[in-house]
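J.: Can you keep this structure in mind? I'll have questions shortly.
Read the figures in this text as sums done on the coordinates, not as results from a lab. Worth saying up front: this structure is predicted, and the values here are computed from it rather than measured. Cβ sites come from the backbone with ideal geometry, for glycine too, and all protein chains shown count toward neighbours.
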Amino acid sequence: MTTEHKVLVLFAHPAIRKSRVNRVLVDAIRGVDGITVHDLYEAYPAHDIDVAREQRLLTDHQIVVFQHPLFWYSTPSILKEWQDLVLQHGWAYGQEGTALHGKLFVSAITTGGSEESYLHGGPHRHTIIELLAPLRQTAWLCGMDYLPPFVVHGTHGLDRAAVDRHATDYLRTLEALRDGTFDLEAVREWPRLNRDLETAIRSR
């Protein structure tokens, strides 16, 4: 199968065996043509990140996805360490750092809180887009095209049928990004990519 763009999913969950949602999401995309799932905790149990390997993976893919639960309004620790080590000056940013220019960047996250709780005036006081500002700024600094996140809210209250529906939507989203059938311009102001997939995904 020939794909338009290869997708690299940098998956980070420190307790995957206990996961109710992320495990199902990532299982839905494993083995799919054009989608590489890279489990950082599995690859680096001692956090000894191979920078050269990670940079090769980034070079070989056009779409980069950070998939993780939202931990304290941020990423699990290994993803922060990955950024610190892999996104080197002169490679990922800076005058000579153009390796990531033009690539797409997407966050795929899960939250225990409802979508309504991530609104101004809600218990978390900020939107998901606002809380992910450091990742958006990182993408900008590296010359990447940052898209709204794919978000699964209210994970504690989801039954298995609902989780499976979200997993199907996740697969559809990544396949459409891979195939160039996701309407990027239509979704740029959306709070999340999976707000309305029937509108976002174009038929060939």
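J.: Given the condition of a type in the set (Phe, Trp, Tyr), under 25 Å from Lys80 (Cα atoms) and outside any loop (DSSP other than H, G, I, E, B), answer yes or no: does some residue in the stretch 161-174 qualify?
T.: Among the residues of the stretch 161-174, at least one is of a type in the set (Phe, Trp, Tyr), under 25 Å from Lys80 (Cα atoms) and outside any loop (DSSP other than H, G, I, E, B), which makes the answer yes.
J.: Go through the stretch 154-173 residue by residue and tally those that are under 18 Å from Val65 (Cβ atoms) and of a type outside the set (S, T, N, Q).
T.: 6
J.: Also, quick follow-up: Applying the selection to the stretch 20-32, what residues are in contact with a helix residue (DSSP H, G or I) (Cβ under 8 Å, 6 or more places away or on another chain) and either farther than 12 Å from Leu171 by Cα or not β-branched (Val, Ile, Thr) (or both)?
T.: Correct list: Arg20, Val21, Asn22, Arg23, Leu25, Asp27, Ala28.
J.: Still on this model: Output the residues belonging to the stretch 139-160 that are touching a strand residue (DSSP E or B) at 6+ places or on another chain (Cβ under 8 Å) and either in a helix (DSSP H, G or I) or of a type in the set (A, V, I, L, M, F, W, C) (or both).
T.: Those that are touching a strand residue (DSSP E or B) at 6+ places or on another chain (Cβ under 8 Å) and either in a helix (DSSP H, G or I) or of a type in the set (A, V, I, L, M, F, W, C) (or both): Ala139, Trp140, Leu141, Cys142, Met144, Leu147, Phe150, Val151, Val152, Thr155, Leu158.
J.: If you go through the stretch 187-198 one residue at a time, do you hit one that is over 18 Å from the mean Cα position of the chain (by Cα) and surrounded by fewer than 16 Cβ atoms within 10 Å (Cβ to Cβ)? Even if it seems obvious, please write down each step before you answer.
T.: First, the residues of the stretch 187-198 that are over 18 Å from the mean Cα position of the chain (by Cα): 198.
Narrowing further to those that are surrounded by fewer than 16 Cβ atoms within 10 Å (Cβ to Cβ): 198.
Yes, there is a match, as at least one residue in the stretch 187-198 is over 18 Å from the mean Cα position of the chain (by Cα) and surrounded by fewer than 16 Cβ atoms within 10 Å (Cβ to Cβ).
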